[in-house]
Amino acid sequence: MSFASTAIQVLLLMAYAVPGFLFVKCKTLNASHIAPFSKVLVYFCQPCLQLYAFQTATCSVSLLREMGLFFVFCTAVEALVLIAAILLIPDKGEARRRVCSVACVLGNVGFIGIPLLQALLPEDVRASGVALSAIFSLSMNLLGWTCGLYRMTGERKHIKLKALLTNPAILAFYVAFPLFLLGIKLPAAIASTVELAGRMSTPLCMIALGMRLASTPFGRIITDKYAWLACAGKLVAMPLLSLFAVSFFPVPDYFKATLFLLCCCPTASAVQNFSEIYLPDTEVEGKNTAADSILLSNILCMVTIPVLAMLL
């Protein structure tokens, strides 16, 4: 993939953050309004995006086989990166170290990943690539609500089966995947509504990101060494590992490109959600590192994605 075409697509996605940034700087909105945006994204847009991802593709034996293999690959890459991060960034009783290791793994494969795939994959395999992104999202949620949450808090009590099986992304999968298997397409009116709601996720996510960026001291972001470590893991190590791992297997080119591009995505907002909910109020530095990792990775990915995409 060419640097220029990829860079243009990434910049267009990131441009949605500008209104949110300006809203806060002009005092039309403030940081307290980020939470409502996030709730709309998590509880409405994300499930619709999951459903839309499966509805775009047609079920076949070959695609199901690729989905199963894709689940194995993305889970293995995530697990290897998390293990490496834990070994290279030991706990030492600091929440920000634990947060950093989780931020190396969890990526925004939905709100940013899907638009990237739609823009960069060839048209004949685009629907299959988007369907694979839903598998990546499933893997990431399973890992995040178990190993990721345990790593961040250091306490098993926060790993709850109910939360794992009933979070919005998993609930959407329960509906979307059976419809996909049975070849059932939603009625046109409903399908268009689901698609519109799913496509809303990227602008809303970026607007919320711009609001958070305007509300966070920029000096703190660029001086947070753990945020930089998280970005090195998420934006460089994880994509390169995925490309290396998949190169030994006879899989379609779109399969390799999809895995690689999704691994290139910046740190997911779920990292901050976990830190805000499960870390005690005294762990301010850990919560700051979560926010800094998300913001910094979204800034840096405007360079890392186009550069690394040239490897495809």
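The values are calculated or read from the model by the stated rules, or taken from the named source; none is laboratory data. Treat the numbers as computed from the prediction; the structure is a model and nothing was measured. Because the Cβ atoms are built from the backbone with ideal geometry, glycine has one as well, and the counts that use them run over all protein chains shown.
Within the range 34-46, identify whether any single residue is surrounded by fewer than 17 Cβ atoms within 10 Å (Cβ to Cβ) and closer than 30 Å to F244 by Cα, and answer yes or no.
For the range 34-46, residues surrounded by fewer than 17 Cβ atoms within 10 Å (Cβ to Cβ) and closer than 30 Å to F244 by Cα: absent.
For L64, all conditions in the list (1) crowded, with 17+ Cβ neighbours inside 10 Å; (2) out of contact with any Leu (no Cβ under 6 Å at 6 or more places or on another chain) hold save one; what is the number of the exception?
Status for L64: all satisfied but (1).
Going through the range 237-271 one residue at a time, which ones are in contact with a Cys (Cβ under 9 Å, 6 or more places away or on another chain) and in a helix (DSSP H, G or I)? I'd like the intermediate steps shown before the answer.
Of all residues in the range 237-271, those in contact with a Cys (Cβ under 9 Å, 6 or more places away or on another chain) come to 237-243, 259, 262-267, 269.
Listed by number, the residues that qualify are A237, M238, P239, L240, L241, S242, L243, L259, L262, C263.
Please go through (1) in contact with a strand residue (DSSP E or B) (Cβ under 6 Å, 6 or more places away or on another chain); (2) among the basic types (K, R); (3) surrounded by fewer than 18 Cβ atoms within 10 Å (Cβ to Cβ) for K234 and return the number of the only condition it doesn't satisfy.
(3) is the only condition that K234 fails.
Could you say whether any residue in the range 206-225 is surrounded by fewer than 16 Cβ atoms within 10 Å (Cβ to Cβ), among the small types (G, A, S) and in a helix (DSSP H, G or I)?
Here is the first cut: in the range 206-225, the ones surrounded by fewer than 16 Cβ atoms within 10 Å (Cβ to Cβ) are 217-220, 222-223, 225.
Of the ones still in play, those that are also among the small types (G, A, S) are 219.
Next, only the ones that are in a helix (DSSP H, G or I) stay: 219.
Yes: the range 206-225 contains one or more residues that are surrounded by fewer than 16 Cβ atoms within 10 Å (Cβ to Cβ), among the small types (G, A, S) and in a helix (DSSP H, G or I).
Tell me which of these T202 doesn't satisfy, since it passes every other one: (1) crowded, with 18+ Cβ neighbours inside 10 Å; (2) outside any helix (DSSP H, G or I).
Of everything listed in (1) crowded, with 18+ Cβ neighbours inside 10 Å; (2) outside any helix (DSSP H, G or I), T202 misses just condition (2).
Within the range 67-77, is even one residue of a type in the set (S, T, N, Q), surrounded by 17 or more Cβ atoms within 10 Å (Cβ to Cβ) and modelled with pLDDT under 95? Spell out how you get there, then give the answer.
Initially, the range 67-77 is screened for residues of a type in the set (S, T, N, Q), giving 75.
Filter once more, so that each one left must be surrounded by 17 or more Cβ atoms within 10 Å (Cβ to Cβ): 75.
Now restrict to residues that are modelled with pLDDT under 95: none.
Checked the range 67-77: no residue is of a type in the set (S, T, N, Q), surrounded by 17 or more Cβ atoms within 10 Å (Cβ to Cβ) and modelled with pLDDT under 95.
Of the residues F54, F3, F21, only one is crowded, with 17+ Cβ neighbours inside 10 Å, within 20 Å of N298 (Cα to Cα), in contact (Cβ under 8 Å) with a residue 60 or more places away in the chain and aromatic (F, W, Y); which?
Values: F54 fails: within 20 Å of N298 (Cα to Cα); F3 fails: crowded, with 17+ Cβ neighbours inside 10 Å.
Answer to the selection: F21.
What is the number of the single condition among (1) surrounded by 24 or more Cβ atoms within 10 Å (Cβ to Cβ); (2) under 28 Å from F3 (Cα atoms); (3) at pLDDT 90 or above; (4) out of contact with any Gly (no Cβ under 6 Å at 6 or more places or on another chain) that S137 does not meet?
Every listed condition holds for S137 apart from (4).
Tell me which residues, restricted to the range 155-181, are loosely packed, with under 13 Cβ neighbours inside 10 Å and touching a residue at least 40 places away in the same chain (Cβ under 8 Å).
If the condition is that a residue be loosely packed, with under 13 Cβ neighbours inside 10 Å and touching a residue at least 40 places away in the same chain (Cβ under 8 Å), then L181 is the only one that fits.
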